[in-house]
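Following: one structure in C-alpha cells, then a few remarks.
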Number of protein chains: 2
Amino acid sequence: ALRDAVVELLAPQQGPFRGQHIVITAGPTREPIDPVRYLSNHSSGKMGYALAAQARRLGARVTLVSGPTQLAAPEGVQRVDVESAEEMLEAVQAAVTDADVFIACAAVADYRLATVAEQKIKKSADRTQLELVRNPDILATVATSDNAPLCIGFAAETQEVAHYAEDKLKRKKLAMIAANDVSDSSIGFNSDANAMTLFWHDAQGQLQQKDLPRAAKSHIAEAILRQLAQLQSHTRAS
Amino acid sequence: ALRDAVVELLAPQQGPFRGQHIVITAGPTREPIDPVRYLSNHSSGKMGYALAAQARRLGARVTLVSGPTQLAAPEGVQRVDVESAEEMLEAVQAAVTDADVFIACAAVADYRLATVAEQKIKKSADRTQLELVRNPDILATVATSDNAPLCIGFAAETQEVAHYAEDKLKRKKLAMIAANDVSDSSIGFNSDANAMTLFWHDAQGQLQQKDLPRAAKSHIAEAILRQLAQLQSHTRAS
C-alpha cells in the first residue's frame, strides 16, 4: 500500500491515462512437467514491456504481470513475476480489482500438464504422451467478470490473422484486438520491431480496423494506447 | 579450418590437456512443438561453460556445443549453437571425429515431439496429448562408436543419485560420471555453485568415488578435469 502510494505520487501528472490503473501481462508462461522440465514458448516479453513503459509515460499507474523474461522492469512500473498460467491468472485477478484497462499481451500457454510429477520423470519407453488440460483463459475470465475493465487482447497467428482476430473480439467481448502475423520472422516474438492490425467495433457495432505499419515496438505500443484513449473518449461521449 | 588453426595457435602451451581436443555439450535443448511452442528444461548451461573455460585453461582445444543459454562463450573456446537434441547430436558427431575427450554436460531432452506442427496449433479440446518419441542418446551414441573418445557423463537425479550414476557408468561404457542431486536448490541448475560425486572404475574394475564438496562451478569443473587427467595417465601407464 505504501509502495502503491509512492508509485502514484511519482506518476506523470498529465497524459490521456492520468488517474487510471492499467494492468498488462507480458512474456511466456512456463508450465512445469516435473522439477526440471517445462512447456513454454518463444515470447520475449518485449511488446508487453513496451506497452507498460508507454502506458506509464501516458500518465497511467501500471502493473506489469510478467512471465520469465530477460527484461528489466520499465521505470515507475510495478512488476509482479509469475511462472505458470495459473499463477498469472491469480496475480492478474489481484491486480485488476481497481483497474481501468487490462491488456493481455502475454503468450499464455493454452495447456498445462494434467499432473505435475514431484520427482524427475525417468525416461523409459520409446514413445510416451504428455496429458494436457486447458489452462484458464485469463483474458476471457477478466473480460466477463463483474465490473470488468476495458480489455485488449493480442492475436499471434500464423494464418488467417483477420479472421481469428474478429472471432476473438466478438467471442471474448473485448474493446480491441491487436493482431500480428508471427510467420513473418522479421517482426514479432524476438524482434524489436513489429507490425500489427488493430480491430474494434465502433459505436454502431461496425468492425473497424487500422494497420500499424512496421515500426519499433515502442512506437507500436504508443499507437495502440492512443487508439485505446480514443475509444475511451468515444465511450464517455456516447 | 583457418579458424581452427588460429585457435590452435592461441592455445595454452602447457597443462595436462595440451594437444588434446575436448568436446563439451552444455545447456538445455529445446524441442519444437510448433512455430511458437517448445519443450525445454531449467538448465542454465553454467556447469558446461565452466568446464569449457577450465579445459581451455588446462591446455585443451575446446569445442562447446551449446543449447540456448544466456551465457557468453569462454575466451578461446569454439562454440557451436544448437536448439534441439537432433541438432546437438549432429554438431557433436561433426566435432568428435578428432576428439580425445567428450564431456556430455547438456541437459538433453529425453523426448521430442513425434511430429512438429508447421503452423501454430489452435487450442480446441479441453484435454489433449503430446505424442513424444525418444531422442537419440548423444552420449551413448558417441561412447559406443568406433574410435570413441574418452567419455564423461552427468547425472542430474532427484533421488537415489549413486544408484543411477553407477548404472549409467556401466550401461554406457563411460570413463566417468559426475552426479549431483538437483533436488537441493542451493546447488545445481541455476546456481553458481555445485556439489558432485564422481564415479569411475579403477584398473581392477572396482567402482571408485570421490565427493566434491559444495564450491563454485569453476572449482568443480577444475576438479572434474584433474580427475580426468589422472584417469588418462593411469590408462596410458597400464
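The values are calculated or read from the model by the stated rules, or taken from the named source; none is laboratory data. All of these numbers come straight from a predicted model, not from anything done at the bench. Virtual Cβ from ideal backbone geometry, glycine too; neighbours counted across all protein chains shown. Ligands, DNA and RNA are excluded from the accessible area calculation, which covers all protein heavy atoms including side chains. Shrake-Rupley method; radii C 1.70, N 1.55, O 1.52, S 1.80 Å.
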**Request:** Go through (1) open to solvent by less than 30 Å² (accessible area, probe 1.4 Å); (2) free of Cβ contacts under 8 Å to residues at least 40 places away in the same chain; (3) facing another protein chain (nearest Cβ under 8 Å) and name the single condition A:Ala140 misses.
**Result:** (3)
**Prompt:** Condition test on B:Leu71, is it within 14 Å of chain A (Cβ to nearest Cβ), open to solvent by 20 Å² or more (accessible area, probe 1.4 Å) and touching a helix residue (DSSP H, G or I) at 6+ places or on another chain (Cβ under 8 Å)?
**Reply:** yes
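Does A:Leu113 satisfy the criteria of being buried (at least 16 other Cβ atoms within 10 Å of the Cβ), within 12 Å of chain B (Cβ to nearest Cβ) and in contact (Cβ under 8 Å) with a residue 24 or more places away in the chain?
yes
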**Request:** Filter the stretch B:136-170 for residues that are modelled with pLDDT under 85 and more than 16 Å from the chain's Cα centre (by Cα) and give the result.
**Result:** B:Thr158, B:Gln159, B:Glu160, B:Val161, B:Ala162, B:His163, B:Tyr164, B:Glu166, B:Asp167, B:Lys170
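Please go through the stretch B:78-89 and pick out each residue that is open to solvent by less than 10 Å² (accessible area, probe 1.4 Å) and either away from chain A (no Cβ under 14 Å) or under 28 Å from B:Gly15 (Cα atoms) (or both).
Of the residues in the stretch B:78-89, the ones open to solvent by less than 10 Å² (accessible area, probe 1.4 Å) are B:85, B:88.
Passing the criteria: only B:Met88.
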**Request:** Go through (1) in contact with a Lys or Arg (Cβ under 6 Å, 6 or more places away or on another chain); (2) closer than 30 Å to B:Ala106 by Cα and name the single condition A:Gly45 misses.
**Result:** (1)
**Yes/no for B:Gly67 being more than 30 Å from A:Leu132 (Cα to Cα) and at pLDDT 95 or above** = no
**Message:** Only one of A:Glu131, A:Glu160 is surrounded by fewer than 20 Cβ atoms within 10 Å (Cβ to Cβ) and at positive phi. Can you tell me which?
**Reply:** A:Glu160
**Asked** Restricting to the stretch A:143-157, what's the tally of residues that are within 8 Å of another protein chain (Cβ to nearest Cβ) and either of a type in the set (Ser, Thr, Tyr) or touching a residue at least 40 places away in the same chain (Cβ under 8 Å) (or both)?
**Response** 1
**Message:** Anything in the stretch B:100-130 that is modelled with pLDDT of 95 or more and farther than 17 Å from B:Met88 by Cα? List them, or say none.
**Reply:** B:Asp100, B:Ala114
**Asked** Does the stretch B:33-66 hold any residues that are within 19 Å of B:Asp192 (Cβ to Cβ), open to solvent by less than 10 Å² (accessible area, probe 1.4 Å) and part of a loop (DSSP other than H, G, I, E, B), and which are they?
**Response** B:Gly45
**Item:** Candidates A:Glu118, A:Glu166 - the one that is of a type in the set (Asp, Glu), closer than 23 Å to B:Ala125 by Cα and touching a residue at least 24 places away in the same chain (Cβ under 8 Å)
**Value:** A:Glu166
**Request:** Being open to solvent by 10 Å² or more (accessible area, probe 1.4 Å) and modelled with pLDDT of 65 or more is the filter here, so list the residues in the stretch A:173-195 that pass it.
**Result:** A:Lys173, A:Leu174, A:Ala175, A:Asn180, A:Asn190, A:Ser191, A:Asp192, A:Ala193, A:Ala195
